[in-house]
1. Looking only at segment 165-183, how many residues end up being more than 13 Å from ligand 2 (Cβ to nearest atom), in contact (Cβ under 8 Å) with a residue 12 or more places away in the chain and surrounded by fewer than 23 Cβ atoms within 10 Å (Cβ to Cβ)?
2. Looking at residue 251, is it modelled with pLDDT under 50, closer than 23 Å to residue 2 by Cβ and in contact with a helix residue (DSSP H, G or I) (Cβ under 6 Å, 6 or more places away or on another chain)?
3. State whether the residues of segment 109-127 include one that is touching a strand residue (DSSP E or B) at 6+ places or on another chain (Cβ under 9 Å) and surrounded by fewer than 13 Cβ atoms within 10 Å (Cβ to Cβ).
4. List every residue pair whose Cβ atoms lie under 7 Å apart, where the two residues are 6 or more positions apart in sequence or sit on different chains, the first residue falls within segment 1-14 and is away from ligand 1 (no atom under 13 Å from the Cβ), and the second residue, located anywhere, is in a loop (DSSP other than H, G, I, E, B).
5. If I ask for residues that are outside any helix (DSSP H, G or I) and buried (at least 24 other Cβ atoms within 10 Å of the Cβ), which ones from segment 65-76 would you list?
6. Could you pull out every one of the helices (runs of 4 or more DSSP H) wholly within segment 103-220 that has 3 or more residues that are touching a helix residue (DSSP H, G or I) at 6+ places or on another chain (Cβ under 7 Å)?
7. Would you point out which residue out of 2, 71, 65, 76 is more than 16 Å from ligand 2 (Cβ to nearest atom) and over 23 Å from residue 142 (Cα atoms)?
8. Just to be sure, is residue 89 touching a helix residue (DSSP H, G or I) at 6+ places or on another chain (Cβ under 7 Å), within 16 Å of ligand 1 (Cβ to nearest atom) and modelled with pLDDT of 95 or more?
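The values are calculated or read from the model by the stated rules, or taken from the named source; none is laboratory data. A quick note: this is a predicted structure, and the numbers were derived from the prediction, not measured. A quick note on method: Cβ atoms are made from the backbone with ideal geometry, for glycine too, and the neighbour counts reach across all protein chains shown.
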Ligand SMILES: [Zn+2]
Ligand SMILES: [Zn+2]
C-alpha cells in the first residue's frame, strides 16, 4: 500500500496508490500524490521490484479520474524517466484517460525537451505513455497476471472501475472508490485478498448532511463493508481510502462509537479472516504500511472492521 489517503491532505497518508508485485514485476493501481516517493520508500524498505524511483513500474491501472487518484500522474510519468526508465509507460483506465495523458505531456513539454536536448541527454522513449481507455472485462493479460476490470458505483464518476488481479495461486481484488456494489461481491467472492475502501460510521455522523449524502452515493461504510466481507469471505481484507472528512482530530475521539453500533447485525465468521487497516506510517520494515492486524477470532467481522477503523485513526 503505497498511499491510502483521500483528497484530504493528511501528512501521514499519501494519495491512493497500490502496487501488486507478481514474479518480480510491479503493477500499479492508481497514482495519487506522492506515488513515486512512496514507491521509493517501499524500495528502500525491501520492495526492490519497484526499482529506485519507481523505475520498474511500467504498467499502471487507473480506477477513475478523481484528482486524489491522479494527481501523481506527472510524477509517475516523469520521475522514473528522469531516474532512467527507457520504456514507455502503459496505462489502462476509464474514458478521459487519453485526453488527460495528452494534456499532462503537453504541460511538461518544455521540461521534457530540455532534458532530452540538454547536457544529460535523457532518452526520448521513457517519457512516452501508451494510454488505453478500457471497458469492463479483461483489461490486460501477460505471463504473470490477468487483470479484469469491473464497474463500480461512484456516482458522479460514471466510468469507475475495480480490478481483479488473477495470478497463479493468488487472486487480489481492489475496489477503487465505490458505494456497495454487487460487482465487488461477484468478482471478490473467495479471493485471497480484498483491498476495499471504507469510511467509519463515527465520522459519518460528524459530517454535514450533504457530505453524508455524497458518501452514501460514492463510498462504502464500515457496516456495509462488513456485510460485503461476510459474503465475499476474502482470505485477507485490507481497508484503505478511509474517509475522515469532518476532522481527523475529531475522528480520533470516536473510539467507543462503533462498539455501540456493531452489536449483532452480522454473523460471526466461520473461517479465519484477517483485517488490515492502512496508513502510510511504517511500522514494520519491508511490510505493507499497516497499522494493525486483527486476528480472525473477533466476535464478528463487523465489530472487527469498526474497531480497526476507529483505532486506526489513533496516534
Ligand atoms: Zn478517492
Ligand atoms: Zn473518487
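1. So in segment 165-183, the residues more than 13 Å from ligand 2 (Cβ to nearest atom) come out as 165-174, 180-183.
In the following step, the residues that additionally are in contact (Cβ under 8 Å) with a residue 12 or more places away in the chain were identified as 165-167, 170-174, 180-181, 183.
Add one more test, that the residue is surrounded by fewer than 23 Cβ atoms within 10 Å (Cβ to Cβ), and what stays is 166-167, 170-171, 180-181, 183.
Final tally of qualifying residues: 7.
2. Working: modelled with pLDDT under 50: yes; closer than 23 Å to residue 2 by Cβ: yes; in contact with a helix residue (DSSP H, G or I) (Cβ under 6 Å, 6 or more places away or on another chain): yes.
Yes, satisfied.
3. So the first thing to find is which residues in segment 109-127 are touching a strand residue (DSSP E or B) at 6+ places or on another chain (Cβ under 9 Å), and the list is 126-127.
Narrowing further to those that are surrounded by fewer than 13 Cβ atoms within 10 Å (Cβ to Cβ): none.
Checking segment 109-127: not a single residue is touching a strand residue (DSSP E or B) at 6+ places or on another chain (Cβ under 9 Å) and surrounded by fewer than 13 Cβ atoms within 10 Å (Cβ to Cβ).
4. 1/288; 1/289; 2/14; 12/279; 12/280; 12/281
5. Going residue by residue through segment 65-76, those that are outside any helix (DSSP H, G or I) are 65-66, 71-72.
Passing the criteria: only 72.
6. Values: elements: 109-117, 182-188, 201-204, 209-218.
Because the criterion is at least 3 residues that are touching a helix residue (DSSP H, G or I) at 6+ places or on another chain (Cβ under 7 Å), the helices (runs of 4 or more DSSP H) in segment 103-220 that meet it are 182-188, 201-204.
7. Details: 71 fails: more than 16 Å from ligand 2 (Cβ to nearest atom); 65 fails: more than 16 Å from ligand 2 (Cβ to nearest atom); 76 fails: over 23 Å from residue 142 (Cα atoms).
None of the others qualify; the one that does is 2.
8. Working: touching a helix residue (DSSP H, G or I) at 6+ places or on another chain (Cβ under 7 Å): yes; within 16 Å of ligand 1 (Cβ to nearest atom): no; modelled with pLDDT of 95 or more: yes.
When the stated conditions are applied, residue 89 does not pass them.
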